[in-house]
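Trainee: Starting off with a structure, shown below.
The values are calculated or read from the model by the stated rules, or taken from the named source; none is laboratory data. Quick caveat, the model's predicted, so the values are computed rather than measured. Don't worry about glycine lacking a Cβ; one is built from the backbone with ideal geometry, like all the others, and counts go over all protein chains shown.
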Amino acid sequence: MTVVLVDDHDGFRRLATRLLTSWGYRVVGEAADGPGAVEAARRLRPDLVLLDVQLPGFDGFTAAGRIREDDAGVGIVLISGRASEDYGDRVVGAPADGYISKEELSPQSLAAALRGFGAPSAPAAAPAADSR
C-alpha cells in the first residue's frame, strides 16, 4: 500500500516513515503543509494519505476535503497529537476514513482505521525500539 505522509514536523515524518516501512507500507511522498498535501496526493495518487490535522497553509480537515474531491477512493487517516474529542464534530464530519492520535499510532490502529482499503496485515506487536 502506498502512502503520502503529511506532517509539519520533520522528526515525526522521519519516525513515521521508518515505522510505516517496517509495517509493510511504501511511503511514496511527504508534505509539510496543507497545500503540499493536496499537491502530493494529486501527483502521486497514493492508496493512503496519513494527514496531520494542524498544518500551515490550511488545516488537515480542509486538505482532506480537497484530496477527497480529487480522488474519492483514496484512504485518508487524520493524525494529531490531540485526542479526537478536542476537535468536536469536525472529526465526525471530516471526509476521512479514520482518526488516530500520534500516541496511539501502531500497526493495529492503522489497520483498524483502514479496514477495506487493502491495508497490510498488522503484525502482532510493533517492532522493538533500538536501545542504542
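Trainee: Inside the stretch 1-48, can you point out the residues that are farther than 16 Å from Leu78 by Cβ and part of a strand (DSSP E or B)?
Mentor: Correct list: Thr2, Arg26, Val27, Val28, Gly29, Glu30.
Trainee: Here's a check for you: in the stretch 49-73, which residue that is outside any helix (DSSP H, G or I) and touching a residue at least 40 places away in the same chain (Cβ under 8 Å) is farthest from the chain's Cα centre (by Cα)?
Mentor: Ranking the qualifying residues of the stretch 49-73, first place goes to Pro56.
Trainee: Modelled with pLDDT of 95 or more, of a type outside the set (D, E, K, R) and crowded, with 19+ Cβ neighbours inside 10 Å: does that describe Leu51?
Mentor: Numbers: modelled with pLDDT of 95 or more: yes; of a type outside the set (D, E, K, R): yes; crowded, with 19+ Cβ neighbours inside 10 Å: yes.
Yes, satisfied.
Trainee: Shifting gears a bit: Between a residue in the stretch 98-110 that is assigned to a loop (DSSP other than H, G, I, E, B) and any residue that is not charged (D, E, K, R), which pairs come within a Cβ distance under 7 Å, given they are 6 or more apart or on different chains?
Mentor: Leu105/Ile79; Ser106/Ala126
Trainee: Taking the condition of being β-branched (Val, Ile, Thr), closer than 18 Å to Asp47 by Cβ and exposed (fewer than 14 other Cβ atoms within 10 Å of the Cβ), how many residues in the stretch 69-115 meet it?
Mentor: Result for the stretch 69-115: 0.
Trainee: I've got another one for you. Of all residues being among the aliphatic types (A, V, I, L, M), closer than 22 Å to Asp52 by Cα and part of a loop (DSSP other than H, G, I, E, B) in the stretch 111-132, which is modelled with the highest pLDDT? Just the residue, please.
Mentor: The selected residue is Leu114.
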